[in-house]
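Please read the structure below before turning to the comments.
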């Protein structure tokens with residue numbers, strides 16, 4: 001099956017085209033709604049496209065993408081009728097969805113209603129779905145929710161100690177995010193460690209500009225660090241993670257307005273805030289670790305908070321079999337992995353220094369042979385999960401009416 005995978009943001013669309021598990025091309029559409037947008041694509045055959053053009057909205061952006069996919073310069077598709085389905089990343093499924101679903105009118109309305117829980121993410125995710133429905137009628141679409149993997153958490157993990165009416169009225173609870181990433185690396189870790197299909201206690205740490213950690217017992221998530229929003233939990237690039245809940249009240253008493261809280265906690269905190277505004281990029285901070293005290297503090301707090309979560313989740317799991325590092329920082333920053341694991345020897349975590357230094361940017365075992373806990377670096381592949389889920393939900397639907405092809409796209413553009 002040829003599956004188009006879309007991750008639609010407010011002004012960008014990340015995309016991949018896959019033929020089953022084979023990646024045909026990937027790229028980014030950026031600056032949608034700005035004077036000059038751009039489409040950048042790299043195909044597995046080595047061809048590349050880098051074009052600037054006016055992209056007033058997501059529908060026009062998707063039109064241009066489809067035209068490029070069938071262009072001889074790229075050579076990714078012969079015809080648009082070869083696209084069998086479209087898979088979409090949707091950040092928030094609330095309590096409505098514990099699995100991926102075929103998109104229909106009810107699903108569209110649910111995603112829109114759940115936008116109050118993810119106002120920065122669900123609306124642009126929905127724009128991608130609506131653009132595909134307009135341009136690609138008859139092509140099945142699948143919504144893959146970030147929150148779905150965490151739907152197995154028990155109430156003891158997802159309920160906040162707040163007045164119960166806040167949960168009943170507003171659904172305030174822990175949801176968790178990065179679910180497709182945690183799901184993928186857990187699956188790979190179970191295979192690599194020999195725990196596939198067996199009882200297991202695995203912790204997965206997705207570390208990037210956004211960070212989260214998940215405790216997974218026997219293949220099911222039992223706790224995760226991100227909560228009602230992606231702000232809670234670990235220190236992140238510009239997000240604070242866990243803070244005292246009374247801080248907003250204190251800041252308000254000092255004259256800071258509530259409208260400024262989101263900017264403070266979401267965009268000015270985390271590594272950026274701890275480093276005194278030096279950088280939110282872990283690479284920059286590690287380069288200055290030995291010479292800049294604020295850079296050292298930011299890295300040390302990041303690793304210390306992560307270490308505490310590993311310890312607490314090991315307690316929740318009743319032990320630990322496997323620890324996984326993934327995401328841009330987790331996959332590439334061997335120093336972060338080393339600093340985090342120092343002091344976890346009592347759990348059975350023993351890092352092999354050479355394996356750790358050589359283990360970035362690929363699947364690698366970085367623990368010693370004597371260590372009871374296997375520690376892995378596993379590059380995440382969320383798009384592959386979305387493609388697999390899309391194939392699972394669409395391949396048994398019977399023959400699809402091939403109502404969408406190159407001429408359909410031309411006719412659509414002429415009508416608009």
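Results, tabulated for the structure shown:
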item: Entirely in region 15-118, the strands (runs of 3 or more DSSP E) that have 3 or more residues that are under 18 Å from residue 142 (Cβ atoms); result: 83-90
item: Lone unmet requirement of (1) at negative phi; (2) at pLDDT 95 or above; (3) surrounded by 14 or more Cβ atoms within 10 Å (Cβ to Cβ) for residue 230; result: (2)
item: Tally, over region 130-156, of residues that are buried (at least 23 other Cβ atoms within 10 Å of the Cβ), at pLDDT 95 or above and more than 18 Å from the chain's Cα centre (by Cα); result: 1
item: 2 or more residues under 30 Å from residue 348 (Cβ atoms), within 23 Å of the chain's Cα centre (by Cα) and outside the structural domain of residue 90 (by TED's automatic domain parsing): qualifying helices (runs of 4 or more DSSP H) within region 157-268; result: 179-193
item: Unique match (being more than 30 Å from residue 345 (Cα to Cα), modelled with pLDDT of 95 or more and in a helix (DSSP H, G or I)) among 383, 389, 414; result: 389
item: Test set (1) surrounded by fewer than 19 Cβ atoms within 10 Å (Cβ to Cβ); (2) out of contact with any helix residue (DSSP H, G or I) (no Cβ under 9 Å at 6 or more places or on another chain); (3) at pLDDT 95 or above - residue 267 fails condition number; result: (3)
item: The one condition in (1) out of contact with any strand residue (DSSP E or B) (no Cβ under 6 Å at 6 or more places or on another chain); (2) more than 23 Å from residue 1 (Cβ to Cβ); (3) in the same structural domain as residue 11 (by TED's automatic domain parsing) that residue 137 fails to fulfil; result: (2)
item: Any chance residue 85 is assigned by TED's automatic domain parsing to the domain that holds residue 137 and crowded, with 22+ Cβ neighbours inside 10 Å; result: yes
item: Residue 314, sole failed condition from (1) in a loop (DSSP other than H, G, I, E, B); (2) within 23 Å of residue 215 (Cβ to Cβ); result: (1)
item: Members of region 96-120 found to be out of contact with any helix residue (DSSP H, G or I) (no Cβ under 8 Å at 6 or more places or on another chain), closer than 20 Å to residue 151 by Cα and in contact (Cβ under 8 Å) with a residue 40 or more places away in the chain, listed by number; result: 117, 118
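Quick grid of which residues meet (1) crowded, with 19+ Cβ neighbours inside 10 Å; (2) touching a strand residue (DSSP E or B) at 6+ places or on another chain (Cβ under 8 Å); (3) over 25 Å from residue 92 (Cα atoms):
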{"residue": "16", "(1), (2), (3)": "yes, yes, no"}
{"residue": "23", "(1), (2), (3)": "no, yes, yes"}
{"residue": "37", "(1), (2), (3)": "yes, yes, yes"}
{"residue": "41", "(1), (2), (3)": "yes, yes, yes"}
{"residue": "51", "(1), (2), (3)": "no, yes, yes"}
{"residue": "58", "(1), (2), (3)": "yes, yes, no"}
{"residue": "78", "(1), (2), (3)": "no, no, yes"}
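The values are calculated or read from the model by the stated rules, or taken from the named source; none is laboratory data. A quick note: this is a predicted structure, and the numbers were derived from the prediction, not measured. Positions of Cβ are generated from backbone atoms using ideal geometry, with glycine treated the same way; all protein chains shown enter the neighbour counts.
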